[in-house]
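The values are calculated or read from the model by the stated rules, or taken from the named source; none is laboratory data. Since we're looking at a predicted model, the values are computed, not measured. Ideal geometry is used to build each Cβ from the backbone, glycine not excepted, and the neighbour counts take in all protein chains shown. In case anyone asks, the SASA skips ligands and DNA or RNA and just uses the protein heavy atoms, side chains included. Shrake-Rupley method; radii C 1.70, N 1.55, O 1.52, S 1.80 Å.
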Amino acid sequence: MGIFYFVAFLSVFFALMTIFTKNPVHSVLYLVITFFTFTVHYILLNAQFLAVVNFIVYMGAIMVLFLFVLMLLNLNKDTEPMKSTLVKVMGAIAGMCLLATFLGAFRVLEGQNEYVTGNTDVGLVKNLGKVLFDEFLLPFELSSILLLTAMIGAILLAKKETKQG
Amino acid sequence: MEGAFILEKLILVVVVFTVTLVIAMYSTLAERKIAGFMQDRYGPDRAGIFGILQPLCDGGKFFFKEEIIPAGAHKTLFILGPVIAIITACISSAVIPWGQDLVINGRTVSLQVADVNIGVLYVFGVIALGVYGIMLGGWASNNKFSLMGAIRAASQSISYEIGMGLSLIALLMVTETLQLGEIVAQQSGFVNWNIWVQPLGFLIFITCAFAECNRVPFDLPECETELVGGYHTEYSSMKLGLYMFSEYINMFVSSALMATLYFGGYNFPFMYDLGLSQNWITIIGVLVFFLKIFGFIFFFMWIRWTLPRFRYDQLMNLGWKILIPLAIANIVLTGVITLIKDTYFQ
């Protein structure tokens, strides 16, 4: 339990650092460390597969792309777009709503789901595969279709228009 | 018992680490010797017999060179870049099985540092992390050429990771496990090597490995004809040395990985027919494994002095339009063949 509290403290600390640093590149690097602490959390939960996938996908790919874009734009204080107060207030309210939803969801789930409590081996590759391709096949396939749609959409948006009409 | 276990793993880690560094060191000499051989000249031959002391001289020189951090550079990240590069290169060998078990005084000693459940993916994760070293170093240099090199490195490594991962999925469909120790154990003898069932997958994998290691013909991040020195333009002294070193370590580890996944690792033909004891099989196995690794390292160098560099758009086309569709076709083909085999030839 001691390790959990230590890693949890690190997660929260680096998440806060992500928000409070002024330099966008530092911000991304703190976010990378935050994701790394998440990986440690997954390992503590004996979910090795999730841990390593989180490591590869978030730290290895998505954050590299973030960094890539930031380096290309070379953002600094002068070029930072100033957000109006209205946008800030709206952002705060939306964030609070999300927090309330999560809290409610976790309270409902507490002690009910066998994947939340008990069954600690579900995170290993074999068990996870069996659960995903058997019990949760439909949601799994639907989410992959969702991702595919997003991918096709992104390609369509990025593609140069060669001819009108 | 616990203490002995920790001690034995510690010794193994130190040995692996030392061997990795020595091989990386002598890869630099081998590269120059092979270049010399291919271009019909001697290569370095002044320091010691056959130039055997050349890497030591180079290392010493790196340490004593003046260390320059450019005025406009971001100091912390500028130093962190090569550090990340070398650390990620060194830790990626942790899951590679170097040989079978040794039996010393009735105690079984495994020649693999960690046989984790997700071995293959661990290597992938660490490789994916390696690009941060190049990106941070390139960006922190505050130099346009470095930045271009860093950006090229990032997009190249992400593009080729996809092809590499897909080619690996087909292999995993055959092996049905992610554990490297078990993947090697399945390939005992000669006919069971995975290369015989996954030739296309291996071809895709080795191409992607070249791109991931930033080796010619895919060394666009440090393309000196366009970018001066690429991401390490501003680096001097041992920091440059660390970047170079990490490149050679990556080459060594990916050679080891290819030998493990496709060429049977420590397995060699007729290994159980010669009437050798377990320890002798293990020792010969380790030697054979290193022979395979050296073969791949030689192949890396052979290609370097044979093929010209790709253009950047050609590189992207190859990655996205040829390798990825081929890898997906390979997955489908493997699936169909596995299904036919299970249904009709059981």
Item checked: Normalised per residue, the volume of the convex hull around the Cα set of segment B:235-340 (Å³) -> 176
Next item on the list: Please state, rounded to one decimal and in Å, the Kirkwood hydrodynamic radius that segment A:1-74 gives when every pair of distinct Cα atoms enters the mean of 1/r.
Entry: 12.8
Check: How would you rank B:88-99, A:128-139, highest first, on the average number of other Cβ atoms within 10 Å across their residues?
Finding: B:88-99, A:128-139
Check: On average, how many beta carbons from a partner chain sit within 10 Å of the beta carbon of a residue in B:174-185?
Finding: 1
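Cβ neighbours within 10 Å, averaged per peptide: list B:251-259, A:142-150, B:70-78 in order, most packed at the top.
Descending mean neighbour count gives B:251-259, B:70-78, A:142-150.
Please compute, for peptide B:283-292, the average count of beta-carbon atoms on other protein chains lying within 10 Å of each residue's beta-carbon.
Values: counts 0, 0, 0, 0, 0, 0, 0, 0, 0, 0.
Taking all residues of B:283-292 together, the mean is 0.
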Margin query: As I understand it, the value is the acute angle between the Cα axis of helix B:54-64 and the longest principal axis of the Cα atoms of chain B; what does it come to in degrees, rounded to 10?
Written below: 50
Note to self: Quick one: 3J(HN,Hα) in Hz for segment A:131-137, Karplus 6.51/-1.76/1.60 with θ = phi - 60°, rounded, Gly and Pro as x.
What the structure shows: 5, 5, 8, 10, 6, 10, 4
Next item on the list: When you have a sec, figure out the Kirkwood radius of segment B:281-346 from all distinct Cα pair distances and drop it here in Å to one decimal?
Entry: 15.9
Check: Arranged from highest to lowest average of other beta-carbon atoms within 10 Å per residue, in what order do the peptides A:97-109, B:316-328, B:101-113 appear?
Finding: B:316-328, B:101-113, A:97-109
Item checked: Phi to ³J(HN,Hα) by Karplus 6.51 cos²θ - 1.76 cosθ + 1.60 over segment A:56-68, Hz, x for Gly, Pro -> 5, 6, 7, 6, x, 10, 5, 5, 5, 5, 4, 4, 4
Checklist line | Whole-Hz ³J(HN,Hα) from phi, Karplus 6.51 cos²θ - 1.76 cosθ + 1.60, for segment B:145-155, glycine and proline x | finding: 5, 4, 4, 4, x, 5, 5, 4, 4, 5, 5
Check: Heavy-atom accessible area per residue, segment B:70-344, 1.4 Å probe: how many Å²?
Finding: 40
Check: Per residue of the protein assembly as shown, what 222 nm ellipticity follows from adding -39500 (n - 2.57) for every DSSP H run with n ≥ 4, rounded to the nearest 500?
Finding: -22000 deg cm²/dmol
Notebook entry, point to check: In peptide A:125-132, what is the residue-averaged number of other protein chain Cβ atoms found within 10 Å of each Cβ?
Noted result: 1
Item checked: Mean separation of Cα contacts under 8 Å, 6 or more apart, over the residue count of chain B: relative contact order % -> 23
Next item on the list: Can you tell me the FRET efficiency between B:Val332 and B:Thr177 if r is taken as the Cβ-Cβ distance and R0 is 30 Å, rounded to the nearest 0.05?
Entry: 0.90
Notebook entry, point to check: Considering the dipole of segment B:1-155 built from charges on the beta carbon (Lys and Arg +1, Asp and Glu -1) around the Cα centre, which of B:Asn143, B:Ser155, B:Ile96 is farthest to its positive end?
Noted result: B:Asn143
Note to self: Run the numbers for B:Lys9 and B:Ile195: contour at 0.36 nm per residue of separation, minus the present Cα-Cα distance, in nm.
What the structure shows: 63.9 nm
Check: When the accessible area of chain B is split by element with a 1.4 Å probe, what percent falls to carbon and sulfur?
Finding: 71
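Between chains A and B, what is the buried accessible area in Å², counting both sides, with a 1.4 Å probe and ligands, DNA and RNA left out, to the nearest 100?
2000
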Next item on the list: Taking H placed 1.01 Å from N in the peptide plane, check which residues at least 5 places from B:Gln198 or on another chain put their amide H under 5 Å from its amide H.
Entry: none
Check: For all pairs of alpha-carbon atoms in the protein assembly as shown, what percent lies in each bin of width 10 Å, listed from the first bin to the last filled one?
Finding: 3, 15, 26, 27, 18, 8, 2, 0, 0
Next item on the list: Over segment A:1-74, calculate the relative contact order: mean separation of alpha carbon pairs under 8 Å at least 6 apart, over the residue count, as a percent.
Entry: 29
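What number does segment B:70-344 give for Rg over Rh if you use C-alpha atoms and the Kirkwood radius?
We get a ratio of 1.01 for segment B:70-344.
How much space per residue, in cubic angstrom, does the convex hull of the C-alpha atoms of segment B:75-124 take up?
98
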